[in-house]
Amino acid sequence: MSKNQNKTGSYSFFNCIEKNFDKAARFISIEKGLLEQIKACNSVYRMHFPVKIGKEIKVIEAYRVQHSHHKLPCKGGIRYSMKVNQDEIMTLAALMTYKCAIVDVPFGGAKGGIKIDPQTISSENIEKITRRYTSELIKKNFIGPGIDVPAPDYGTGEREMSWIFDTFLSLRSGDVDALACVTGKPVSQGGVRGRKEATGLGVFYGIRELCHVKEDMYSVGLDVGLVGKKIIIQGLGNVGYHAASFFHESGAIIIALAEREGAIYNEKGLNVSKVFLHLKNNGSILNFPEAKNIENTEKALELECDILIPAALENVIHKNNANRIKAKIIGEAANGPITPEADEILDKKGVIIVPDIYLNAGGVTVSYFEWLKNLSHVRYGRMEKKFRENVNAEFLKVIETVCKKTISIKEKKMILRGPREIDLVRSGLEDTMINGFHKICDLKKSLKIENMRTAAFVLSINKIIDSYEKLGIFP
Ligand code: GLU
C-alpha cells in the first residue's frame with residue numbers, strides 16, 4: 001500500500017497535499033515545528049443534524065473546516081456531494097489557505113461540505129438542509145463577516161448562498177455587515193458582477209499567460225500564443241463551462257468536452273455555445289450533432305491535445321492513467337485533480353502542470369472583491385464613474401483643440417467611458433492572475449525549483465510565515 005493510501009485502500013487526499021507541502025519545505029529554512037503548524041488544520045467541525053424529508057427524518061452529515069487562522073476571516077466554498085468526507089474537506093480547506101496566500105487575498109483557508117446528492121433532492125429540501133446547516137454554523141460561531149465566509153463550490157451556487165445569507169440575517173438581525181457573511185451571492189442580493197465566471201476566467205488568464213512564455217512553449221514543442229491550441233475540458237460545471245467559453249472566444253480550439261455521462265470529440269473544434277444549448281435541451285452533452293461520442297468519459301483525458309483542463313473533482317489523473325495522458329500542458333481548474341504519483345510521472349514526461357493553488361484562485365479573488373464591496377456598502381465604480389467620464393471629456397476637448405482634429409463618435413465613446421463594476425472586477429482579476437503567475441515563475445527560476453507546483457507552494461508558505469512573523473507568533 002502506498003504511503004498516501006489509508007487503511008481502506010482509498011487515497012488520503014490530505015496526505016497528498018502534505019507531500020506537496022514537504023517538497024516545497026526543502027526550499028525554506030525555518031524551524032520544522034513552525035512548518036508543522038502551517039500544515040495542520042486548526043479547527044474541524046463535523047456535525048449531524050436531522051431534516052424532515054417527506055415523511056421521513058433524515059440524518060445529514062456535514063462539515064466546516066478552518067485550516068488556518070493566520071489571517072481572518074477564514075474563507076472557502078461549501079460543496080454538496082455524496083463523496084464529501086472529513087479528509088476531503090480538510091484538504092480542500094488547506095488548499096484554500098495556500099491559494100489565498102498566492103494571490104494576496106488576506107484570508108485563512110476553510111471549506112465546508114454536506115454529504116448529499118443535490119441532483120436527487122428537491123430544491124425545497126436542499127433549502128431546508130442549507131438553512132439548517134447555516135444555523136448549525138451560527139450556533140458554533142463558524143460563520144460571520146469577520147469569522148468565516150463561505151462561498152459556492154461543487155454542487156452549490158448563487159441560490160444556496162442567498163439562503164445562507166438570509167438565514168444568517170434572520171438570526172443576526174441588526175448586523176450592518178451581514179451581507180459579508182457569504183460570497184457568491186446573486187448581484188441583486190449583494191453579490192458582485194463577475195463572480196460567477198471568475199474561476200473560469202482566472203483559469204483562462206493563467207493559461208494565456210503561460211502560453212506567452214516562449215521558453216515554456218518551446219520546451220513542450222508548442223508555438224507561442226493561445227490561438228489554435230487544442231484544448232480538452234473535463235467537467236462542465238460553473239468553472240469548466242466558463243473556462244471553455246473564454247478559451248473558445250479567444251481562438252483556441254476546444255476539441256473535446258467531458259461530463260459524467262460521457263464525452264464528445266471533434267478534432268476540428270466544438271462550438272462551445274452550441275454544445276451548451278444542446279446540453280440544456282437534452283440534459284446530456286452526448287449525441288451532439290457535430291461530434292463523436294466517447295462513452296467512457298475517462299478516455300477523453302487521454303486524447304492527443306495541447307492543453308488539458310480537469311475542471312471537476314479530485315484525483316482524476318492517477319498513477320494508472322498518467323502514462324497515457326498526451327497533453328503537453330495541464331491546467332488544474334479543479335482542486336487536486338492529479339495525485340502525487342501521477343504528478344511525478346507527468347513531471348518526468350516534461351508536462352507543464354499549472355497548479356490548482358494558483359490557477360483556480362480567480363473565484364476566491366473575486367469573492368474578496370465581493371466581501372470588500374459588502375463591507376463598504378457601495379457598488380464598485382459608483383463614486384468615480386461619472387467623475388472619470390467628465391475628466392476624460394475635458395481631456396479629449398483639449399486634445400481636439402491642440403491637434404485641430406475631431407475624434408469620431410465611436411472613438412469618443414470608447415475613450416470617454418468611466419469604469420463599471422464589471423470592468424473593475426475583471427481588470428482586478430486579470431492583474432491578480434498575471435502577477436501571481438510571474439511571482440511563481442520568478443521564484444521557480446531563482447531557486448531552481450523543479451516545477452510550478454512546488455514553486456507555488458514555496459511562494460505561499462513564505463507568505464504565511466511572513467504573516468505569522470508579523471503577528472509576533474513566530475520569533
Ligand atoms: N470554492 C471556490 C474555491 O475552491 C471559491 C472559494 C471562495 O470564493 O471563497 O476556490
Cα Rg, Dmax (largest Cα-Cα span) when computed across region 184-235, Å: 15.5, 48
One finds the C-alpha centres of region 37-89 and region 340-404 to be spaced, in Å, by 31
So how do 462-469, 255-262 stack up, highest first, on mean other-Cβ count within 10 Å? 255-262, 462-469
Inverting the mean 1/r over all pairs of different Cα atoms, compute the Kirkwood radius of region 187-336 and quote it in Å. 15.6
Relative contact order [Cα under 8 Å, 6+ residues apart], region 216-335, whole percent: 26
What is the packing order of peptides 189-196, 362-369, taking the mean over residues of other C-beta atoms within 10 Å and listing the highest first? 362-369, 189-196
Can you give the three extents of the C-alpha atoms in region 293-429 along their principal axes, from longest to shortest, in whole Å? 69, 40, 31
If I take the Cα coordinates of the chain and project them onto the principal axes, what are the three extents in Å, biggest first? 79, 59, 58
Local charge sum around Asp347 (other residues, Cβ-Cβ under 10 Å, Lys/Arg +1, Asp/Glu -1)? 0
Which value does Rg/Rh take for region 24-173 over its C-alpha atoms, Rh per Kirkwood? 1.02
Counting helices only, and only those DSSP H runs with n ≥ 4, report the 222 nm mean residue ellipticity of the chain as the sum of -39,500 (n - 2.57) divided by its residues, in deg cm²/dmol to the nearest 500. -14500 deg cm²/dmol
Whole angstrom only: what separates the Cα centroid of region 139-155 from the Cα centroid of region 160-180? 11
Full extension between Lys140 and Ile28 adds, at 0.36 nm per residue less the Cα distance, a length in nm of 36.7 nm
Quick one: which of 22-29, 401-408 comes out on top by average Cβ neighbours within 10 Å, and what's the full order, highest first? 22-29, 401-408
Under a crude label model (7 Å from the Cα following the beta-carbon direction), how far is Ser376 from Lys280 in nanometres? 3.3
A chain fully extended from Asp177 to Asn271 at 0.36 nm per residue, minus the present Cα-Cα distance, gains in nm 29.5 nm
With label points set 7 Å from each Cα along the Cα-to-Cβ direction at Glu469 and Glu389, the distance between them in nm comes to 4.8
Between Glu304 and Val227, what's the calculated FRET efficiency when r is the beta-carbon distance and R0 is 22 Å? Round to 0.05. 0.75
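FYI, it's all coordinate maths here, none of it is from the lab. Remember, it's a predicted structure, so these values are computed and weren't measured experimentally. Cβ: placed from backbone, ideal geometry, glycine included. Neighbour counts: every protein chain shown.
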